[in-house]
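Right, one structure below, let's go through it.
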Amino acid sequence: MNVLYHLDDATVLRYASGDLDEAFSVVVAAHLAMCDQCRRAVRTAEEIGGQLLEAEDTPELPIGDFDRLMQRLDGADGKIKAAEPSVRHAPAGNGGDVPVPLRRFVGPSLDAVSWKVIAPGVRKHAISLSSQSASSLYMLHIAAGKPLPEHGHGGVEMTLILSGAYRDELGRFSPGDIADLDEHVEHQPLVEPGEPCICVVATEAPTRFKGLFSRLLQPLVGI
Amino acid sequence: MGLALRVTQLPNDDPPERLAQMHRSLIARVAGNRDREAYKALFVHFGPRVKALMLKAGADHAQAEDLVQDVMITVWRKVELYTPERGAVSTWIYTIARNARIDRLRRNSSRAYEDLEGMDLPSDDPSGEDVAFASQRAERVGQALAELPDDQKQIIELAYVHDMPQSEIAGTLAIPLGTVKSRMRLAYGKLKVKLEEMR
């Protein structure tokens, strides 16, 4: 996959150190499933953690701790098994066009996602997360040639393109590309003619639309 | 309680590469034939380090010791997923500890990370010597970390070791969030320069 837009370096470090909440970690992981370059970057960033762990000063552990561990491993309620070898998989997964980290929410196929129309040409699929996350996660399906409502960012926002393409002030975003934007960036994505654009979005705070029409619409659409 | 496991600890004055190599062979023994002696040696080395990490992340002693147990159980259970091309054993164990920290201390979800666990990369190294490349990478990252200016190193440690959210780092150090991000980017940039010298 020819990915042009990647993760911000600060995001790579936040992901590697575990600072992203669930909505953002899912979008980042979905991008990683599509982008070798960022997967390599994360691996390097995780190496920092390994070095710091190795350098940690070492408090004593009670001598009984290892025995307790072995008792748990040998516990009567079923031996703890090794991971199934089937955990290994190709980045794209076996069949399906939904990246692996999104599949437990929407299944393997984009065709099977259920959409709710929220504005002419704009459909949304809200994803409920397994943890209490301050951020929200949703997918958008925007018709060819349609703009997304212009919005300033109340907080950090990340958009990963899964299908189709859009263009905004920053450039053309196609599958695998991620817009990892600061709160200061304002953009007006316009879906390219030809096919709809499907993307997955994590937002830190409710997005506020700037146009009057959009502002009236916001309570209804809940973007 | 007075007796501590560190009596049998691996020699710590070994050069880092020898230590890393020893860890790889211990992991291979656990993966190959569920070798309990090898597993114990890993526990003795990494258990206290994981505990220190959890304490600095805000866990109390009992919680930190429970987390050590969880992390080591995961090491046993997922040992087949470790491959030396991925990086140092310490790095793999760090990621397991990080995920446990996300689930247990932050009460968030580390599922997204786990979804990517089995995913391999195309070869990093043009010559195909991925294991040598990976261990050299770990060494370079260590060097780059040691050479970071204090203000950047501090932010890296607060994030990786103290598990401090980005916004809290800004608050604690009384600097703007943008400065936290730019120091992170600078620090990571230096790592990248070090790694590019390898290619």
Task: Ranked by how many other beta carbons lie within 10 Å on average, peptides B:26-32, A:48-54, A:122-128 from highest - done: A:48-54, B:26-32, A:122-128
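Under a Cβ-only charge scheme (Lys and Arg +1, Asp and Glu -1), can you give me the dipole magnitude of chain B about the Cα centre, in debye to the nearest 20?
I would put it at about 380 debye.
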Open item on the list: Check which residues have an amide H placed less than 5 Å from B:E117's amide H, if you skip close sequence neighbours.
Closed with: none
Task: Per-residue average of Cβ from other chains inside 10 Å of A:7-15 - done: 6
- [ ] Would you calculate, for chain B, the mean residue ellipticity at 222 nm contributed by helices, counting each DSSP H stretch of 4 or more residues as -39,500 (n - 2.57) and dividing by all residues, to the nearest 500?
- [x] -22000 deg cm²/dmol
Open item on the list: Can you return the aspartates and glutamates within cross-link range of B:K181? Criterion is Cα-Cα under 16 Å, with same-chain partners fewer than 8 residues away left out.
Closed with: A:D8, A:D9, A:D19, A:E157, A:D180, A:D182, A:E183, B:D150, B:D151, B:E157, B:D163, B:E168
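Quantify how much of the Cα-Cα distance distribution of the stretch A:19-79 extends past 17 Å, in percent.
66
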- [ ] Return a whole-number percent for the relative contact order of the stretch B:125-199, with Cα pairs under 8 Å and 6 or more residues apart as the contact set.
- [x] 39
Task: Exercise: per-residue mean of other protein chain Cβ atoms within 10 Å, B:157-167 - done: 5
TODO: Name the long-range amide H neighbours of A:L181: under 5 Å, sequence gap of 5 or more, or other chain; modelled H, no Pro or chain starts.
DONE: A:E157, A:T159
Task: Given charges at Cβ of Lys, Arg, Asp, Glu: the stretch B:125-199 dipole, positive-most of B:Q166, B:L195, B:A144 - done: B:Q166
- [ ] Quick one: compute the contact order of chain B, relative version, from alpha carbon pairs under 8 angstrom and 6+ residues apart, as a percent.
- [x] 19
Open item on the list: Tell me which DSSP H helices of chain B clear both cut-offs, 18 Å or more of axial length from alpha-carbon atoms and a mean Kyte-Doolittle hydropathy of at least -0.5.
Closed with: B:16-33, B:36-56, B:61-77, B:89-104, B:130-147, B:177-196
- [ ] Amide H neighbours of B:K78 under 5 Å, at least 5 residues apart or on other chains, H built in the peptide plane: list them.
- [x] A:A83
TODO: From other protein chains only, count the Cβ atoms within 10 Å of every residue's Cβ in B:20-28, then give the mean.
DONE: 0
Task: Rounded to whole Hz, the Karplus (6.51, -1.76, 1.60) HN-Hα couplings of the stretch A:24-29, x for glycine and proline - done: 6, 5, 5, 5, 4, 4
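Every read-out reported here was derived from the displayed coordinates using simple, explicitly stated rules and does not represent laboratory data. The structure presented is a predicted model; accordingly, all values stated were derived computationally and were not measured. Neighbour counts are summed over all protein chains in view; Cβ atoms, including those assigned to glycine, are modelled from backbone coordinates with ideal geometry.
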